[in-house]
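Below is one structure, written out as structure tokens; comments come after it.
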């Protein structure tokens, strides 16, 4: 792959070995009815529900009260709350909290829900990842000559809510993936949405030696999509280029909250880009005089960082999400 992809000459150093953690057990859908009832009642009262009438689905437990909806995930003990009247608002915010206020208010909320982990007596902790905003744009539209609708160039984007983002560390390493985040959103003073996706790590089940980052990159390059890129490069030399960024990260991976996950295993997060004057699937180069005809593909992949056989951890938890 060196003929087309530039590999970083210098990358961060990483530990020689890291633990594999078993995901902490909690009641399942068959035996945990009492647990789920208690949990959804506690959360509902704290989130301003007047009524608690849980509904049990195959993967979720719900509670709904007017515009308020709470959804709990049986596979991970994660939950999603939102106020339909506020979340995704397109009304310009008149009293949006500042970043510091939003952070303090969010920490106060997750503390009250016993979700804030400081590492004391455990191996994981919550960290504040920064603020974000929901941005909308005034839809000043008119009908185009061909009957299509056009947005006015004069429309201005504006902020409607602020979101405080939190991430997680295990053993001092970041946790990647869709199942490791907490986001608290506010429209003015009101809570509009809370996303808490997380699975508590339990006992250490093994200590695994870690492969070098360049070994992980070599493993990634054997994947079918990269082999297709190399085939394209050989057929049309000089039309394509690519590189891996030097910010390779070592961490753990959390699957989506609806997935039953048994272990936290170490992975490398590898980012890069591929540019070509030939769109993947085409057989001829684009017009080389038109710079706009260069296609760019940015990618992020997660590769198992464990040395040796991954047997026992290569389960459906990570199907199509981690490369072994």
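Some observations on this one:
- Two-site FRET efficiency, residue 108 against residue 13, from Cβ-Cβ distance with R₀ of 30 Å, rounded to 0.05: 0.20
- FRET efficiency for the residue 246 to residue 295 pair, using the beta carbon distance and R₀ = 25 Å, is estimated at 0.60.
- Expected-Rg normalisation [2.2 N^0.38 Å, Cα atoms] applied to the stretch 30-138: 1.24
- Label-point separation in nm, residue 34 to residue 222, each point 7 Å along Cα→Cβ: 5.1
- Fully extending the segment from residue 45 to residue 203, taken as 0.36 nm per residue of separation minus the present Cα-Cα distance, adds 53.7 nm.
- Ascending count of other beta-carbon atoms within 10 Å, so fewest first, for 230, 306: 230, 306
- Panel order for 36, 198, by other beta carbons found within 10 Å of each beta carbon, from fewest to most: 36, 198.
- Gain on full stretching of the segment that runs from residue 307 to residue 324 - 0.36 nm per residue minus C-alpha separation: 5.1 nm
- Order of 115, 191 - criterion: other Cβ atoms within 10 Å of each residue's Cβ, fewest first: 115, 191
- Here the extension length gained between residue 214 and residue 275 equals 19.8 nm, from 0.36 nm per residue of separation less the Cα-Cα distance.
Each reported figure results from applying straightforward, stated rules to the coordinates on display, with no laboratory input. Since this is a predicted model, take the numbers as computed values, not measurements. With ideal geometry, Cβ positions are generated from the backbone for all residues, glycine too; neighbour counts draw on all protein chains shown.
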